[in-house]
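Asks: Got a structure for you, questions after.
The values are calculated or read from the model by the stated rules, or taken from the named source; none is laboratory data. Because the structure is a prediction, the values reported are computed rather than measured. So basically every Cβ, Gly included, is an ideal-geometry build from the backbone, and we count neighbours across all protein chains shown.
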Amino acid sequence: MEGSNLQFLGQSSGECEDRLSFLPESILHHILSFLPTKCAVGTSILAIRWRYHWTSVPILDFSDDLLHSTTRSYKDPFLKDKFISFVYRVLLLHDSDIHRFCLTCSHTYHVSHFNAWVSAVLKREVKELIIKMSSGVHSIGLPNYLFRCGSLAILHIKGIEDKLPALISFSSLKVLHLYFTTFHWDESVEQVTFNLPVLEEFRMENSMLLNVNIIVFAPLLISLYIYETGSDIVDCYWKMKICAENLISLTMISRCLRAYSLNCLPTLVDASKYLVGTRELCNVKDLVVSSDIVEDIVSPELASIVPKLFKVTNLGVINGDYILEGSHFVNLLCQVPNIESLVFPDGLALRSSGEHVLTLTILDLDFLPHLKTVEVRCFYGWENEISVIMFLLKNARVLEKMTIISVSTLSVDPEKQMKISKRLLMLPRASGCSVIDFS
């Protein structure tokens, strides 16, 4: 084809033939949608027919990392100006609706640019908006009408600090992800409302909503994930009430136990939680608890809002920043009397002072009456670990199998591993048919 640089060798005659250009436009657009916008625009030089294909691709993906040069410094202002000019030029020439707009920035830019870019894509009925600041947290001046956009179905925000309106309403939003964000409001605002009538997935990681009471209405919410372990997130700067009568999956890793309240949760039957804080969770079957919050769960102050979880059948205990007390571990097991499976994915971390509590304790027959399997990973062979294993073997009366997986440093020492293995096999057991699988 005349004027074409995109060529394939003919199978028999050896002639050069441009086959890709004759594909239907819908297929070409689909192919280009997998490329970063910089590369998609670059295809305009391949052939005359390709010159404007990129202008109709419904996905725009900008990253200023792609403009880095081996001949210029990373901080060279020319690269920033080049990126700004490139984004404006693409938005100007693009002539169709935008289904997905992704903006990843390692540099900071004036808020006027961010405002203009986001405003431009909102006018194109964008359905998925992703804005990521890859270094630190920055104020980028998001326009207020973003938070009442009717076309958005997916919104991901990372590394942004901004002031938001008191009413946030997304009529079509199904997925909301907030990563390392800090949102604040005018001092006159006492309550903030998130109206999310069709939201199905809400994920918030290491984000802060400063000095405000928040109500989230999400009647169709299925999955809620909140993760807060940063050193800055110790005190509760906010209170959030979440109304979600269709919630199924709940994961919360947080030091701010009392910051959240969950209402209307009749369908929560199969959730994984690192934090338990309300009596509505009594239907949960799968429970994962961090050692950081076990003390809170079993404390007398929270006894009224954390009742026994009779429907929990699978319990996991992960290691947090704080080492678990032996008495707290026993009290936790009392809260879940019907568990059948117990897993320690990070290993057994217990205060040395708690060894004696577990070594000497044999509880009533109604303690762990259904526990059949125990799995311990990252096993070092320490005395406090063996105390936990001894406690479980003496009290799990229907235990069928205990799996212990040692760390690599123990695996490479066959003599020590054999010594520990013999000791474990000699431990007394309440169940006559239990098996210990040590590796």
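Asks: Just checking: which of the helices (runs of 4 or more DSSP H) contained wholly in segment 363-436 hold 2 or more residues that are touching a residue at least 40 places away in the same chain (Cβ under 8 Å), surrounded by 15 or more Cβ atoms within 10 Å (Cβ to Cβ) and in the same structural domain as Leu333 (by TED's automatic domain parsing)?
Replies: Answer list for segment 363-436: 383-395.
Asks: Just checking, how many residues over segment 142-153 are surrounded by fewer than 18 Cβ atoms within 10 Å (Cβ to Cβ) and either assigned to a strand (DSSP E or B) or touching a helix residue (DSSP H, G or I) at 6+ places or on another chain (Cβ under 8 Å) (or both)?
Replies: Number of matching residues: 2.
Asks: Would segment 263-273 turn up any residue that is farther than 19 Å from Arg148 by Cβ, at pLDDT 85 or above and within 18 Å of the chain's Cα centre (by Cα)?
Replies: no
Asks: Out of the residues in segment 193-214 that are modelled with pLDDT under 90 and part of a strand (DSSP E or B), state the one that is surrounded by the fewest Cβ atoms within 10 Å (Cβ to Cβ).
Replies: Filtering first and then ranking leaves Asn213.
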